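Written below as structure tokens is the structure these notes are about.
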């Protein structure tokens, strides 16, 4: 796969602002690792800047988990240390600073957080990757996608796809391409159905079946890394389908390169990030 021109950085006078500012809305008590993985993957995938929005009392802990090159935005929280609905006003005041948004990793299923997620999906037109707990919140009212504006990329695994569609996991696995295409067309979004031979579909009928990757990707945090990568590609100017397609390809390619040195059973999410530079370098 050829590396898209916006990611080549051929201009010698380039500035970090030329490559977008990613906002990651992620994390809650006991799930800050998801926020850290998503944000670091976004940086490794080329975003010029990355900011993580987290519950305010967890911000000091997050600072110890994430790279010093990543910024944070502390927000109002629930008693369970997840993001509260009242965080919406602060996000609305700041959203114009960002180029793309990653929503969902580790956010929890707190009712207030779920309300916040749905409001963000419905009100914000910024290009957005919707994953993990944001998909769980969306499953309660998937039709809000029809009212949403801007690029929306959903990245469910088969279990999350079951909650979004009502189909059984067995049916989804047997009809991966058909299920992904139907959902993308019905709800006017980009759908990336994770798993063996990840499927990417767009509302116009385009479809891509990925061939990179291996069983080592079946590890905690792997999906968070993919979310960060795709969001970074959106921030750098790729359209939704191309960002999702490239994300799936490079995510799998990084894992394929990793297992040349690491057994599949030992692969962890940070290994995918570590081998991402080599995966990007290998594209032609």
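The values are calculated or read from the model by the stated rules, or taken from the named source; none is laboratory data. Here the structure is a predicted model, which is why all the values come from computation and not from measurement. As a convention, Cβ positions derive from the backbone with ideal geometry for all residues, glycine included, and neighbour counts pool all protein chains shown.
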Residue list for segment 54-110, restricted to those being in contact with a strand residue (DSSP E or B) (Cβ under 7 Å, 6 or more places away or on another chain), closer than 19 Å to residue 138 by Cα and assigned to a loop (DSSP other than H, G, I, E, B)
82, 84, 104, 107
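How about segment 175-195: which of its residues are free of Cβ contacts under 8 Å to residues at least 12 places away in the same chain and not in a loop (DSSP other than H, G, I, E, B)? Show your work before the answer.
Kept after step one, since they are free of Cβ contacts under 8 Å to residues at least 12 places away in the same chain, are these residues of segment 175-195: 175, 178, 182, 186.
Within segment 175-195, 178, 182, 186 meet the criteria.
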With respect to residue 56, is the statement that it is surrounded by fewer than 20 Cβ atoms within 10 Å (Cβ to Cβ) and over 18 Å from residue 91 (Cβ atoms) true?
no
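Any chance you could count how many residues in segment 264-284 are assigned to a loop (DSSP other than H, G, I, E, B), within 19 Å of residue 223 (Cβ to Cβ) and out of contact with any helix residue (DSSP H, G or I) (no Cβ under 7 Å at 6 or more places or on another chain)? So that I can check it myself, show each step before the final result.
If we filter segment 264-284 for residues that are assigned to a loop (DSSP other than H, G, I, E, B), which is where we start, we get 267-268, 283-284.
From the residues that got through so far, the ones that are within 19 Å of residue 223 (Cβ to Cβ) too are 267-268.
Now drop any that are not out of contact with any helix residue (DSSP H, G or I) (no Cβ under 7 Å at 6 or more places or on another chain), which leaves 268.
Here the count works out to 1.
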Taking the condition over 16 Å from the mean Cα position of the chain (by Cα), closer than 23 Å to residue 239 by Cβ, modelled with pLDDT of 95 or more and part of a helix (DSSP H, G or I), does residue 135 pass?
no
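Of these, 41, 29, which one is surrounded by fewer than 18 Cβ atoms within 10 Å (Cβ to Cβ) and touching a residue at least 40 places away in the same chain (Cβ under 8 Å)? Working first, answer last.
Details: 41 fails: surrounded by fewer than 18 Cβ atoms within 10 Å (Cβ to Cβ).
After applying the criteria, what remains is 29.
Quick grid of which residues meet (1) under 18 Å from residue 243 (Cα atoms); (2) surrounded by 15 or more Cβ atoms within 10 Å (Cβ to Cβ); (3) touching a helix residue (DSSP H, G or I) at 6+ places or on another chain (Cβ under 9 Å); (4) without any contact (Cβ under 8 Å) to a residue 24 or more places away in the chain:
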position: 22; (1), (2), (3), (4): yes, yes, yes, no
position: 34; (1), (2), (3), (4): no, yes, yes, no
position: 37; (1), (2), (3), (4): no, yes, yes, no
position: 46; (1), (2), (3), (4): yes, yes, yes, no
position: 52; (1), (2), (3), (4): no, yes, yes, no
position: 88; (1), (2), (3), (4): no, yes, yes, no
position: 93; (1), (2), (3), (4): no, no, no, yes
position: 126; (1), (2), (3), (4): yes, yes, yes, no
Six or more apart or on different chains, Cβ under 8 Å: which pairs go from a residue in segment 1-17 that's at negative phi and surrounded by fewer than 12 Cβ atoms within 10 Å (Cβ to Cβ) to one that's modelled with pLDDT under 70 and in a loop (DSSP other than H, G, I, E, B)? Could you list them?
2/284
Scan segment 219-229 and tell me whether some residue there is out of contact with any strand residue (DSSP E or B) (no Cβ under 9 Å at 6 or more places or on another chain), free of Cβ contacts under 8 Å to residues at least 40 places away in the same chain and surrounded by fewer than 22 Cβ atoms within 10 Å (Cβ to Cβ).
no
When residues of segment 194-218 are limited to those that are touching a strand residue (DSSP E or B) at 6+ places or on another chain (Cβ under 7 Å) and closer than 12 Å to residue 180 by Cα, the one surrounded by the most Cβ atoms within 10 Å (Cβ to Cβ):
200
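For residues that are farther than 22 Å from residue 221 by Cβ and touching a residue at least 40 places away in the same chain (Cβ under 8 Å), tally how many sit in segment 128-142. Break it down stepwise before answering.
First, the residues of segment 128-142 that are farther than 22 Å from residue 221 by Cβ: 140-142.
With the extra rule that they be touching a residue at least 40 places away in the same chain (Cβ under 8 Å), the set shrinks to 142.
Summing the residues that are farther than 22 Å from residue 221 by Cβ and touching a residue at least 40 places away in the same chain (Cβ under 8 Å) in segment 128-142 gives 1.
Taking segment 144-174 as the region of interest, how many residues are in a helix (DSSP H, G or I) and either touching a residue at least 12 places away in the same chain (Cβ under 8 Å) or within 19 Å of residue 129 (Cβ to Cβ) (or both)?
Our first condition is that a residue be in a helix (DSSP H, G or I); within segment 144-174, this holds for 144-146, 158-165, 169-174.
So of that shortlist, the ones also either touching a residue at least 12 places away in the same chain (Cβ under 8 Å) or within 19 Å of residue 129 (Cβ to Cβ) (or both) come out as 144-146, 158-161, 163-165, 172-173.
Qualifying residue count for the region: 12.
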